[in-house]
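What follows is a short report on a single structure.
The values are calculated or read from the model by the stated rules, or taken from the named source; none is laboratory data. Remember, predicted model here, so these are calculated numbers, not experimental data. Note that each Cβ is placed from the backbone with ideal geometry, even for glycine, and that neighbours are counted across all protein chains shown.
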């Protein structure tokens, strides 16, 4: 798989989405966004109520793509070395040996990330930003592809440590799954009446295929007019009256990468303005810091982003 035409021919992305759909019923859009994040070489934050399938989505994505998978349950007593690994003294060789931590996997699930202390949360920063981790002054490269999928419950605040802005900005996008409708929930119950479908799930591609998809995504064409549209969106978040801190240039780059990836998912080798408009909420929602007065008026980030989008003319329309 070397170019766009080959990707389109094998229909690989559709196979991954359908495979995830065997486990995550009725959430095709969430599956698409998780693949967009993966193809963009980004990290995913899933924020929702307990029991709607956050962890299951991460497992289904890892199995479907043939990637190594590790799960870290974040708790208040977790230590940074529990994530990155540590150097252990070997009495036989009379030397220190590096014992890799669970972060040394292709897909890492940081479950309930906001239950760990800020010091532990920051242990992921280097891995997420630099594709490496440093232990005792020695740098260890992470495997490729590498993706952190973090989950947090949106309704629990007692005993939690909210993610700081620097950590949030490292996440490529934030999504939520939401409750299934009645028909979907009955289907979920039927599927799990005897066996859990996640145990029967098989890979439909390899980790090497994902790396190739990432390379193909980089070659997707994006016009200068659309790049200007992206920058106008970012600039408007910085000047919005309800925003204390607008998005950074990293967010503009993320929108560009997401636009290319969503175009690839949709089977196109070029980015359309609507690709950007559709991808803006999950890419920017967690990066916008609201003013205290806006929070008191129950203004949310999605509402602000929608206002920004409404005020900027879409190119070509």
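Things to note:
- Among residues of segment 40-50, those that are over 9 Å from the mean Cα position of the chain (by Cα) and crowded, with 24+ Cβ neighbours inside 10 Å, counted: 1
- Residue in segment 92-113 that is assigned to a helix (DSSP H, G or I) and either surrounded by 21 or more Cβ atoms within 10 Å (Cβ to Cβ) or modelled with pLDDT of 90 or more (or both) present: yes
- Residue within segment 249-258 that is over 21 Å from residue 129 (Cα atoms) and under 23 Å from the mean Cα position of the chain (by Cα) present: no
For (1) within 25 Å of residue 43 (Cβ to Cβ); (2) buried (at least 17 other Cβ atoms within 10 Å of the Cβ); (3) at pLDDT 95 or above; (4) out of contact with any helix residue (DSSP H, G or I) (no Cβ under 8 Å at 6 or more places or on another chain), each residue gets a yes or a no:
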residue: 190; (1), (2), (3), (4): no, no, no, yes
residue: 199; (1), (2), (3), (4): no, no, no, yes
residue: 206; (1), (2), (3), (4): yes, no, no, yes
residue: 222; (1), (2), (3), (4): yes, yes, yes, no
residue: 229; (1), (2), (3), (4): yes, yes, yes, no
residue: 235; (1), (2), (3), (4): yes, no, yes, yes
residue: 254; (1), (2), (3), (4): yes, yes, yes, no
residue: 257; (1), (2), (3), (4): yes, yes, yes, no
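- Pairing residues of segment 271-285 that are within 18 Å of residue 224 (Cα to Cα) with residues that are modelled with pLDDT of 95 or more and not in a helix (DSSP H, G or I), at Cβ distances under 6 Å and at least 6 apart in sequence or on separate chains, gives 271/222.
- Residue 267 vs. criteria under 30 Å from residue 16 (Cα atoms), modelled with pLDDT of 95 or more and in contact with a helix residue (DSSP H, G or I) (Cβ under 9 Å, 6 or more places away or on another chain): no
- Here is the figure for segment 80-91: residues that are under 23 Å from the mean Cα position of the chain (by Cα) and in a loop (DSSP other than H, G, I, E, B) total 1.
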